[in-house]
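So the structure is just underneath, and the comments pick up after that.
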Amino acid sequence: MAKYLWTYAGLLALTTLTLLLSFAPLGGWEPIAAMSIAFLKAVLVILWFMHLIEQRSTNWIAFTVSLLLLACLIGFTSLDVGSRVRLVPPELGRSGGTAVRAPLDAAR
Amino acid sequence: MAESLDAASEAAPELESHFGDLEQQTHAAQFGMWVFLATEVLFFGVLFTLYIAYRMTEGAAFRAGIQRTDLVLGTANTYILLTASLFVACAVGAIRESRSRLASHLLFGAAACGVLFVFLKLLEYLHHIEDGLLAGPYYASSLPTAGTRVFWSLYYLMTGLHLVHVSAGVVLLLWIWHRTRRGDFSARYHTPLELGGMYWHFVDIVWLFLWPMFYLMH
């Protein structure tokens with residue numbers, strides 16, 4: 001039972017840390033910090049609450065493969081969206097016709 | 001051969017005839033559960049990908065949207081789900097030590113936490129509706145930009161899908177609680193309790209990501 005209480009204490013501490021960091025002026029690093037801590041918390045839950053740490057390697061493979069596929073999906077989608085440009089005609093664009101990454105509303 | 005199988009099933013009534021022993025059956029069940037959870041990862045994963053893609057192009061609208069969600073209720077729900085997960089993990093620990101009475105109490109506590117989560121989430125939806133943020137054509141006037149409408153659509157879709165999972169988890173926990181009270185599980189056999197617990201923990205993990213995405217990253 002002690003291991004569950006330690007895991008819970010770790011999860012509570014990381015949750016409070018995430019909450020405090022959301023008020024800190026981290027700028028663009030905020031999503032990275034918040035999602036990294038969330039990932040760490042997920043690892044704690046999977047290993048100790050879900051007992052993966054004491055199970056056979058076949059179970060590790062089943063789950064980690066899905067995470068790997070998800071990482072591919074998110075990674076390649078981000079590369080695509082991040083490198084996309086939308087050409088804005090001179091009469092509509094604030095930037096005078098140059099290629100800009102425009103949000104949805106700029107297209108109207 | 002048939003006699004030996006009959007003898008095995010008498011010794012362990014939970015053992016299905018196509019498994020050699022209870023240990024093999026438990027491992028097969030756990031593996032099946034991990035595969036199911038892997039499909040759930042991909043199920044939620046596409047929505048997470050959608051969020052990231054839109055966040056990259058509509059960052060300002062998403063940050064403005066996060067300012068309007070209820071941080072207090074969202075954070076309370078995070079602590080509630082973590083506590084429910086602790087109860088479920090301890091219930092598995094208790095049944096492994098043959099303390100089925102303690103396990104059933106813990107499972108009931110976890111289910112109660114789940115009900116509280118659903119209540120707070122519905123209360124939050126109610127506040128959104130009062131703020132003119134009801135999904136679909138209703139929020140067209142209060143949300144003038146396409147980016148903010150995408151944010152709120154994703155918010156309802158992802159938290160709503162999660163809410164359905166929590167509700168199913170509560171039903172599952174109550175069923176396991178009932179079976180634990182009836183004395184179906186022991187230190188030797190408690191696979192349904194363990195697998196039901198894994199499902200609950202997975203639902204908890206999804207919320208661990210939804211919480212910063214919709215309440216914190218402003």
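Laboratory data are not the source of any read-out in this text; all were calculated from the coordinates shown. In this text, all values refer to a predicted model and were calculated from it rather than measured experimentally. We place every Cβ from the backbone using ideal geometry, glycine too, and count neighbours over all the protein chains shown.
Can you tell me, using C-alpha contacts under 8 Å and at least 6 residues apart, the relative contact order of the stretch B:44-146 as a whole percent?
24 percent
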(Q) Quick check: the angle from helix B:22-57's long axis to the longest principal axis of chain B, C-alpha only, nearest 10 degrees? (A) 10 degrees
Q) Between the stretch B:73-104 and the stretch B:148-175, what is the C-alpha centre distance in whole Å? A) 20 Å
Q.
Suppose a student asked you for the relative contact order of chain B, using Cα pairs under 8 Å spaced at least 6 residues apart; what percent would you report?
A. 30 percent
Q | Selection from B:32, B:62, B:103, by position along the positive dipole direction of the stretch B:1-128 (Cβ) | A | B:62
